[in-house]
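Asks: Take this structure, written in structure tokens, and hold onto it; I'll ask about it next.
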Amino acid sequence: MSGTGTGVATGEFSPKLGYGATLLVAGLWMTPFVWMLVAAFNPQSIGAGMASLIPDYVPTLANFREAWASADFPRYGLNTLVITLGILAVQLVTVTLAGYAFARLEFPGRSLFFYLFLLQLMLAPVVLIVPNLTTIATLGLYDSLVGVMAPYFASAFGTFLMRQAFRAIPRELEDAALIDGASVLQRIRLIYLPLAKPSLIAFSIVSVTAHWNEFLWPLMVINSPDLRPLTVGLASFTRGAEGAQAWGVIAAGTLMVSAPLLIAFALFQRAFVNSFVSSGIK
């Protein structure tokens, strides 16, 4: 009886403990974001994070107006869109073709080449900065948006994801299309891509998020102020605002940079989750 009682008590306690730990982690993760929201809407006369202690606190958009006037955020946003969407457009072509080649084509050393290609996943991005920068300078792409995009045109993660997705598609579908005279590109476009749509969406989310937040590589490549993406432009703007300790303005600028991804996630949350579940990404 005592053993049974202990088991029931443990079973009832474990979910509560798990929920409590989850709420604790979520609270810790949300703390900087909540501070940013409070500071962004604070009047300049109130210290950052002190709004909750003042009963007659009235939110204001003055920090956003000052941040918008202090930096060329529209230009930074346009540059970021060009970089992220340009990288994604090329990646969707390269990872699709490479994934099909490793999944369906027979050629000597296919497995060896695939595993060598996956070695890229084991390399820290910082290790590749110097050789990539040398290559970009040699090609004459330094201080250009193409120079920022070029090292990411091929993706080992995307190739692996598409290979796994293509391997799960029955080969009989391709054989039927082959009998009807479909070319390789037609088979990829009409059979493989529609069935691998969840994997494509999942990879697109990962790619856009990663390159939207990329900072170090654009900082190394871009010198011209009018070519800066949002992350580099925000860093320059922050250094100037820190001199005046304008924490509300800094928070407002940070919120404007992160807002597009937050809004996109809020609007398409169900599609995001379904794409990761369907593609098998943990």
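The values are calculated or read from the model by the stated rules, or taken from the named source; none is laboratory data. Since the structure is predicted, the reported quantities are computational estimates derived from the model, not experimental observations. FYI the Cβ positions are ideal-geometry reconstructions off the backbone, even for glycines, and counts take in every protein chain you see.
Asks: With (1) without any contact (Cβ under 8 Å) to a residue 24 or more places away in the chain; (2) within 19 Å of the chain's Cα centre (by Cα); (3) within 30 Å of Ile188 (Cα to Cα) as the list, and Leu88 as the residue in question, which single condition is left unmet?
Replies: The one condition Leu88 does not meet is (1).
Asks: Within the range 204-223, identify whether any single residue is within 27 Å of Ser111 (Cβ to Cβ) and acidic (Asp, Glu), and answer yes or no. Spell out the reasoning first.
Replies: Initial filter on the range 204-223 (within 27 Å of Ser111 (Cβ to Cβ)): 206-207.
Cutting the leftovers down to acidic (Asp, Glu) gives us none.
Looking through the range 204-223, none of the residues is within 27 Å of Ser111 (Cβ to Cβ) and acidic (Asp, Glu).
Asks: Filter the range 178-203 down to the residues that are without any contact (Cβ under 8 Å) to a residue 12 or more places away in the chain, part of a loop (DSSP other than H, G, I, E, B) and within 18 Å of Val93 (Cβ to Cβ) and list them by number.
Replies: Ser183
Asks: If you scan the range 72-94, which residues turn out to be touching a Gly at 6+ places or on another chain (Cβ under 7 Å) and at pLDDT 95 or above?
Replies: Within the range 72-94, Gln91 is the sole residue that qualifies.
Asks: Please enumerate the residues belonging to the range 72-105 that are of a type in the set (Gly, Ala, Ser) and surrounded by 15 or more Cβ atoms within 10 Å (Cβ to Cβ).
Replies: Across the range 72-105, the qualifying residues are Gly77, Gly86, Ala98, Gly99, Ala101, Ala103.
Asks: Go through the range 91-110 and count every residue that is assigned to a helix (DSSP H, G or I) and either among the small types (Gly, Ala, Ser) or touching a residue at least 12 places away in the same chain (Cβ under 8 Å) (or both).
Replies: Going through the range 91-110, the residues assigned to a helix (DSSP H, G or I) turn out to be 91-104, 110.
When the remaining residues are screened for being either among the small types (Gly, Ala, Ser) or touching a residue at least 12 places away in the same chain (Cβ under 8 Å) (or both), the result is 91-92, 94-104.
Residues that pass the stated criteria total 13.
Asks: Another question, if that's okay. Name the residue that is farthest from Leu161 (Cα to Cα), counting only residues in the range 106-126 that are of a type in the set (A, V, I, L, M, F, W, C) and surrounded by 10 or more Cβ atoms within 10 Å (Cβ to Cβ).
Replies: Taking the range 106-126 and keeping what is of a type in the set (A, V, I, L, M, F, W, C), we get 107, 112-114, 116-119, 121-124, 126.
Subset that is surrounded by 10 or more Cβ atoms within 10 Å (Cβ to Cβ): 113-114, 116-118, 121, 123.
Numbers: Phe113: 16, Phe114: 12, Leu116: 16, Phe117: 13, Leu118: 11, Leu121: 12, Leu123: 18 Å.
It comes out as Leu123.
Asks: Among the residues in the range 169-177, are any loosely packed, with under 15 Cβ neighbours inside 10 Å, acidic (Asp, Glu) and outside any helix (DSSP H, G or I)?
Replies: No - not one qualifying residue is present in the range 169-177.
Asks: Would it be correct to say that Gly109 is out of contact with any Asp or Glu (no Cβ under 7 Å at 6 or more places or on another chain) and within 20 Å of Leu88 (Cβ to Cβ)?
Replies: On the way: out of contact with any Asp or Glu (no Cβ under 7 Å at 6 or more places or on another chain): yes; within 20 Å of Leu88 (Cβ to Cβ): no.
No, not satisfied.
Asks: Please specify each residue of the range 117-149 satisfying the condition of being part of a helix (DSSP H, G or I) and within 17 Å of the chain's Cα centre (by Cα).
Replies: Taking the range 117-149 and keeping what is part of a helix (DSSP H, G or I), we get 117-122, 125-138, 145-149.
Within the range 117-149, Leu121, Pro125, Val148, Met149 meet the criteria.
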